[in-house]
Amino acid sequence: MFKFRIIGFVLLMALLGGIFFWEAGGVWLFLAAAPAMVAAAIGECCSMMNRSGRPAFVLPTALAVWLIAVGSCLSFLYPVVRYSTLSLVIMLIFAGCAGVLAMKDENLERIVNSFGAAMLFTPSLILFLGSYFIHPYGSWLIFLCLVTKATDTGGYIVGTLTSKLPGGNHKIAPKVSPKKSWEGLAGGMVLSLAVSLTFFYLMPRAPMSWYIIAAVLLSLGSFFGDLTESAVKRLCNIKDSGSFVPGMGGAFDVLDSFIYNGMLFWPLFLIKDALV
């Protein structure tokens, strides 16, 4: 399992490397990959609900989220696209309302469940996608990705090691996620802090205190995002949302850390600007 997790991590890092360091095509690679990952995550969430007897529209929901995500990305490059994206969102809202009025009872549940799946983390991920464009070459997105995922990695390593100690480790929410422990959370937070401080020494664009606060908050956001997805999977009685990334599961499993961190990063970023 750990071997496949390393392979999956290397593949993701290769993708991020192409996005951030391929000067000619990095932006377009990002526009191709990121919205597709978002749509795949939402599609997996709807699929899990279907398999658990909670019907949802998979393809229409994933397509709608993909269109909104693409439009949101393009709007950072071309301001005129913002109006098209806003129009699309408004049309989707009206279409959903009209659908609720026209659909039969068995389809109302599908609409409600689909909307719930889409709203689980679409707003946060759209802001997460936008963070690529707020600084040349997306260096703040690199920061957000690495600090967020450091919590997963550190938590997995420390949690696995401490679970083998006599008496095991101390569980946080065993009914929701049996493997989550306080020791793992502490290990993830320490690694996030180390990554954040590395960014401070490599590109100090804010006081050290900001990097420390950002690491703690993003680490907590990552943990609760992971816990939220665990609750959804527990509700649906499913272990992995898919097999999109080797050793890491589906797109939803990879992006769960950003359920809250996409939105959490923006006020942190604004505070950073105020401190500089």
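The values are calculated or read from the model by the stated rules, or taken from the named source; none is laboratory data. These numbers come from a predicted model, not from an experiment. Positions of Cβ are backbone-derived with ideal geometry, glycine not excepted, and every protein chain shown enters the neighbour counts. Only protein heavy atoms, including side chains, enter the accessible area calculation; ligands, DNA and RNA are left aside. Shrake-Rupley method; radii C 1.70, N 1.55, O 1.52, S 1.80 Å.
A few remarks follow.
- Ala56 being under 18 Å from Phe252 (Cα atoms), open to solvent by less than 70 Å² (accessible area, probe 1.4 Å) and either at pLDDT below 75 or in contact with a Leu (Cβ under 6 Å, 6 or more places away or on another chain) (or both): no
Per-residue answers, yes or no, for (1) surrounded by fewer than 17 Cβ atoms within 10 Å (Cβ to Cβ); (2) over 20 Å from Ala118 (Cβ atoms); (3) of a type in the set (Gly, Ala, Ser); (4) without any contact (Cβ under 8 Å) to a residue 12 or more places away in the chain:
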site: His170; (1), (2), (3), (4): yes, yes, no, no
site: Pro174; (1), (2), (3), (4): yes, yes, no, yes
site: Ser177; (1), (2), (3), (4): no, yes, yes, no
site: Gly184; (1), (2), (3), (4): no, yes, yes, no
site: Ile212; (1), (2), (3), (4): yes, yes, no, no
site: Ser222; (1), (2), (3), (4): no, yes, yes, no
site: Asp226; (1), (2), (3), (4): no, no, no, no
site: Asn237; (1), (2), (3), (4): yes, yes, no, no
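- Annotation: of all residues in segment 171-186 being in a helix (DSSP H, G or I) and over 20 Å from the mean Cα position of the chain (by Cα), the one that is nearest to Val232 (Cα to Cα) is Trp182.
- When restricted to residues that are at pLDDT below 65 and small (Gly, Ala, Ser), segment 96-128 contains 4.
- Of all the residues in segment 41-53, those that are touching a residue at least 40 places away in the same chain (Cβ under 8 Å), surrounded by fewer than 22 Cβ atoms within 10 Å (Cβ to Cβ) and not polar (S, T, N, Q) number 1.
- Of the residues Leu127, Leu144, Leu161, the single one that is in a helix (DSSP H, G or I), touching a residue at least 24 places away in the same chain (Cβ under 8 Å) and open to solvent by 20 Å² or more (accessible area, probe 1.4 Å) is Leu127.
- Sole exception among (1) part of a helix (DSSP H, G or I); (2) modelled with pLDDT under 90 for Trp210, by number: (2)
- Flag if Val195 is surrounded by 19 or more Cβ atoms within 10 Å (Cβ to Cβ), assigned to a helix (DSSP H, G or I), without any contact (Cβ under 8 Å) to a residue 60 or more places away in the chain and not aromatic (Phe, Trp, Tyr): yes
- Those residues of segment 1-15 which are modelled with pLDDT of 75 or more and either under 21 Å from Ala69 (Cβ atoms) or touching a Pro at 6+ places or on another chain (Cβ under 7 Å) (or both), in sequence order: Leu15
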